[in-house]
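In what follows, a structure is listed as structure tokens, so that the remarks can point back to it.
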Amino acid sequence: MSREYNEAMNDLRFSPEAKKRMTANLAAAHEQAAHPRPDVYAVRGGKRRWRYAAAVAAAVVLVVGVGGVASATGNLMSMANVFDDLFNGPPAQTEVVDKIGRPIGASATSNGVTVTAEAIIGDRTNYAVVFSIAKDDGTAFEGIEPLESGILPLGFESGSSVHVDGVMTGGGSGHFYDADPSDNAIQYVEQMSVTTIGGSIIGHTARVSLSDLKMYDGSTSHVIAEGEWNMKFAVDYEDTSVDLPAGQTIKVSGMDATLDSVTVSPIALTLEYTVHEVLNWEDQESGRMSDHNQNETDRFLDPSITVSMKDGTTIEIDALRGAGGTREGANSTACNKSIMFDEFLNLDDVASITIGGAELPLP
């Protein structure tokens with residue numbers, strides 16, 4: 001299953017069939033004027049920029065500075081969402097093809113530019129969604145030079161969001177790239193790790209609210225496509241995550257801890273563990289994390305992680321680049337981590353994952 005899922009990702013490079021579907025979406029959107037929907041509000045911000053990357057379509061790499069966004073969300077379904085569904089109809093349906101979710105007709109047009117939700121992949125609590133952005137007149141966006149990493153120095157206006165109903169907390173990042181320089185479309189990928197009601201985001205509704213596409217040049221930026229793009233679609237794809245046995249004693253930054261749960265999928269590793277110490281927290285300025293408290297938080301959220309492959313090679317995973325959080329008890333601290341991989345991990349090729357010194361064989 002993992003191998004089939006891994007191979008299916010190649011289709012996100014936009015095969016002729018996918019391009020044909022994209023063209024049909026663009027044509028349909030061009031004929032219908034997009035009607036802006038009520039704003040979808042989500043809390044953006046957080047104590048730190050979540051630092052992780054995942055490979056989607058062309059290689060997805062870590063975005064630092066221009067060309068990417070980082071966010072934390074904490075929002076259930078608002079009254080605006082409820083009335084949106086009542087007056088503007090249900091979300092676009094998503095079909096699952098080769099384990100990948102492909103929203104049907106989820107696009108929006110504003111000022112001659114159409115944004116289309118092309119695909120969504122993930123597991124229970126981690127996902128990546130791919131959008132295409134194209135001018136309706138068929139011309140390409142000009143003057144955009146990719147960075148050395150291949151990332152395009154682009155971003156949407158602050159406040160733009162992809163929010164999934166039922167998500168309580170989360171962190172993620174996004175970036176732009178050009179999957180096919182021969183066509184006039186560019187791609188935007190947003191990746192998120194979340195906690196949600198019911199334990200899975202599959203079956204929930206994704207609500208997209210994007211505005212003003214900007215290009216960055218050092219510390220300055222200017223708008224290259226003004227507009228508002230709003231859409232919604234059902235989150236659906238095949239969950240290929242595997243639950244590994246837990247309960248082992250592990251070490252986290254030299255502290256004793258108990259591994260409470262471990263889930264791995266081809267895109268991410270999700271952990272819950274309890275450290276048998278409490279954070280040495282100090283008073284800090286409201287709304288701002290002090291260096292001391294940041295270092296203390298990192299100490300609790302940095303278990304050593306090694307993926308051992310069946311061919312004898314190993315992959316060291318940097319836990320601090322993942323999204324995570326802590327909840328302090330009387331004598332212990334509950335911790336959670338979600339780490340998206342740099343590339344799709346074929347679980348058929350994985351022998352074991354070692355976390356904090358405890359080796360967990362894959363079934």
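Okay, here's what the table says:
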| read-out | value |
| --- | --- |
| Residue identified as farther than 25 Å from G227 by Cβ, out of contact with any helix residue (DSSP H, G or I) (no Cβ under 8 Å at 6 or more places or on another chain) and without any contact (Cβ under 8 Å) to a residue 40 or more places away in the chain among G198, G170, G122, G150 | G198 |
| Every residue from segment 260-286 that is polar (S, T, N, Q), in contact (Cβ under 8 Å) with a residue 40 or more places away in the chain and assigned to a strand (DSSP E or B) | T263, T270, T274 |
| Of all residues making up segment 126-138, the number that are part of a strand (DSSP E or B) and of a type outside the set (A, V, I, L, M, F, W, C) | 4 |
| Total residues in segment 129-154, condition modelled with pLDDT under 90 and of a type in the set (G, A, S) | 2 |
| Number of the condition not met by A351 [criteria: (1) farther than 29 Å from A128 by Cα; (2) in contact with a Lys or Arg (Cβ under 6 Å, 6 or more places away or on another chain)] | (1) |
| Filtered residues of segment 209-226 (kept if hydrophobic (A, V, I, L, M, F, W, C) and crowded, with 23+ Cβ neighbours inside 10 Å) | L210, L213 |
| Flag if A80 is part of a helix (DSSP H, G or I), touching a Phe, Trp or Tyr at 6+ places or on another chain (Cβ under 9 Å) and at pLDDT below 90 | yes |
| Of residues in segment 247-259 being out of contact with any His (no Cβ under 7 Å at 6 or more places or on another chain), closer than 29 Å to Y127 by Cβ and in contact (Cβ under 8 Å) with a residue 60 or more places away in the chain, the one surrounded by the fewest Cβ atoms within 10 Å (Cβ to Cβ) | Q248 |
| Residues located in segment 274-311, provided they are touching a strand residue (DSSP E or B) at 6+ places or on another chain (Cβ under 6 Å) and loosely packed, with under 13 Cβ neighbours inside 10 Å | K310 |
| Segment 342-363: number of residues that are touching a strand residue (DSSP E or B) at 6+ places or on another chain (Cβ under 6 Å) and assigned to a loop (DSSP other than H, G, I, E, B) | 3 |
| Of residues in segment 312-363 being without any contact (Cβ under 8 Å) to a residue 60 or more places away in the chain and polar (S, T, N, Q), the one nearest to V242 (Cα to Cα) | S352 |
| Odd one out for Y216, checked against (1) assigned to a strand (DSSP E or B); (2) modelled with pLDDT under 90; (3) hydroxyl-bearing (S, T, Y); (4) more than 21 Å from I120 (Cα to Cα) | (2) |
| Condition broken by D260, with the remaining ones in (1) modelled with pLDDT of 95 or more; (2) out of contact with any Phe, Trp or Tyr (no Cβ under 8 Å at 6 or more places or on another chain); (3) not polar (S, T, N, Q) satisfied | (2) |
| Selection count, segment 97-113, where residues are modelled with pLDDT of 90 or more, assigned to a strand (DSSP E or B) and under 20 Å from D236 (Cβ atoms) | 5 |
| Residue that is surrounded by the most Cβ atoms within 10 Å (Cβ to Cβ), among those in segment 134-163 that are of a type in the set (V, I, T) and more than 24 Å from E343 (Cα to Cα) | I144 |
| Elements of type strands (runs of 3 or more DSSP E) in segment 139-209, at least 3 residues being polar (S, T, N, Q) and closer than 23 Å to G101 by Cα | 185-196 |
| Set T314, T333: member being surrounded by 14 or more Cβ atoms within 10 Å (Cβ to Cβ) and among the hydroxyl-bearing types (S, T, Y) | T333 |
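The values are calculated or read from the model by the stated rules, or taken from the named source; none is laboratory data. All of these numbers come straight from a predicted model, not from anything done at the bench. Neighbour counts run over all protein chains shown; Cβ positions are idealised from the backbone, glycine included.
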